[in-house]
Amino acid sequence: MKVLGGFVWVLMVACAAARGETSGDCASAFSVPAEAGMRLALESRSAEVNLVGTDAREIRVTCTLEEEDRASRVHIHYRSSDGKGKLAITGGPNSVHITIEMPHQTHLRVRVPAGAIHIKDVAGDKDIDVHAGEVIISGVSPDAYRSVDAEVEIGEVRAAKFSVNKGGFFRSFKRSSTEGLYRLDAHIITGSIRLN
């Protein structure tokens, strides 16, 4: 029976590997191979999340917690297939700061209930949805985007390079162009969006 159980476990691990699935936690750095130009969907627990583009061909997740002894309770799961990756971060205590490094050229889809989302040195489409908090995207060049749609239901939208500074209820900024490679869509129910 033990032999059969061991075989089943090995088979499950092999199937997960074939599907490009891997898991870890915040007790140690988590990394998986990644190619430039991929599409990455992130679904994270509420947290401060820093998304940073690098020259490395990997996705690397590191965490900082006030309660470091509970880092293993923050679970990380990654699945990839056909140039697309899905990263899920769940569980754990409050006050978690998460840094996710990825290739500079990465298309992002981000869903976080509440927190601060900072994106730096990442070129690609960006689809960001946060219920409450802030989104700060640095290095936004108007020429790089064929469409921009930034909307808050209560809060503010600031986009210095587009000469936009709006605050209050149901504030938005939309722009479209025949030029540019990427699409930027950011939505927050309560909070702020800054395109720097």
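The values are calculated or read from the model by the stated rules, or taken from the named source; none is laboratory data. Please read these numbers as outputs of a predicted model, since none were measured by experiment. We place every Cβ from the backbone using ideal geometry, glycine too, and count neighbours over all the protein chains shown.
For Asp69, the criteria (1) in contact with a strand residue (DSSP E or B) (Cβ under 9 Å, 6 or more places away or on another chain); (2) closer than 17 Å to Cys26 by Cα; (3) at pLDDT below 95 hold in every case but one, which is (1).
If His131 satisfies every condition in (1) surrounded by fewer than 18 Cβ atoms within 10 Å (Cβ to Cβ); (2) closer than 30 Å to Arg57 by Cα but one, which is the exception? Of (1) surrounded by fewer than 18 Cβ atoms within 10 Å (Cβ to Cβ); (2) closer than 30 Å to Arg57 by Cα, only one is false for His131: (2).
Table: residues versus (1) part of a strand (DSSP E or B); (2) free of Cβ contacts under 8 Å to residues at least 60 places away in the same chain.
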site: Asp69; (1), (2): no, yes
site: Ile76; (1), (2): yes, yes
site: Ser80; (1), (2): yes, no
site: Glu101; (1), (2): yes, yes
site: Leu108; (1), (2): yes, no
site: Arg111; (1), (2): yes, no
site: Gly115; (1), (2): yes, no
site: His131; (1), (2): yes, yes
site: Ile136; (1), (2): yes, no
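Could you list, in sequence order, the residues of the range 151-179 that are aliphatic (A, V, I, L, M) and in contact with an Asp or Glu (Cβ under 8 Å, 6 or more places away or on another chain)? Selection gives Val157 alone. Does Ala144 satisfy the condition of being at pLDDT 95 or above, hydrophobic (A, V, I, L, M, F, W, C) and surrounded by fewer than 17 Cβ atoms within 10 Å (Cβ to Cβ)? It is false that Ala144 is at pLDDT 95 or above, hydrophobic (A, V, I, L, M, F, W, C) and surrounded by fewer than 17 Cβ atoms within 10 Å (Cβ to Cβ). Looking for something of a type in the set (A, V, I, L, M) and either more than 21 Å from the chain's Cα centre (by Cα) or modelled with pLDDT of 95 or more (or both) - is there at least one such residue anywhere in the range 161-173? Yes. Within the range 107-134, being closer than 21 Å to Asp82 by Cβ and of a type in the set (D, E, K, R) holds for Arg109, Arg111, Asp125, Lys126, Asp127.
Within the range 19-36, being surrounded by fewer than 17 Cβ atoms within 10 Å (Cβ to Cβ) and either more than 18 Å from the chain's Cα centre (by Cα) or touching a residue at least 60 places away in the same chain (Cβ under 8 Å) (or both) holds for Arg19, Gly20, Ala27, Ser28, Glu35, Ala36. Applying the criterion of being closer than 23 Å to Gly191 by Cα and surrounded by fewer than 15 Cβ atoms within 10 Å (Cβ to Cβ) to the residues of the range 79-110, the residue that is modelled with the highest pLDDT is Thr90.
Taking the options Ile188, Ile136, Ile193, Ile119, name whichever one is surrounded by 15 or more Cβ atoms within 10 Å (Cβ to Cβ) and within 22 Å of Glu35 (Cα to Cα). Please lay out each step first, then the result.
Values: Ile188 fails: within 22 Å of Glu35 (Cα to Cα); Ile136 fails: within 22 Å of Glu35 (Cα to Cα); Ile193 fails: within 22 Å of Glu35 (Cα to Cα).
Matching residue, one of Ile188, Ile136, Ile193, Ile119: Ile119.
For the range 37-67, filtered to residues that are touching a residue at least 40 places away in the same chain (Cβ under 8 Å), surrounded by fewer than 15 Cβ atoms within 10 Å (Cβ to Cβ) and assigned to a loop (DSSP other than H, G, I, E, B), the residue that is nearest to the chain's Cα centre (by Cα) is Gly37. Checked against (1) more than 15 Å from the chain's Cα centre (by Cα); (2) among the β-branched types (Val, Ile, Thr); (3) at pLDDT 95 or above; (4) surrounded by fewer than 17 Cβ atoms within 10 Å (Cβ to Cβ), Val8 passes all but condition (3).
Checking every residue in the range 126-147 against the condition of being of a type in the set (S, T, N, Q), touching a Lys or Arg at 6+ places or on another chain (Cβ under 8 Å) and closer than 21 Å to Asn50 by Cβ gives at least one match.
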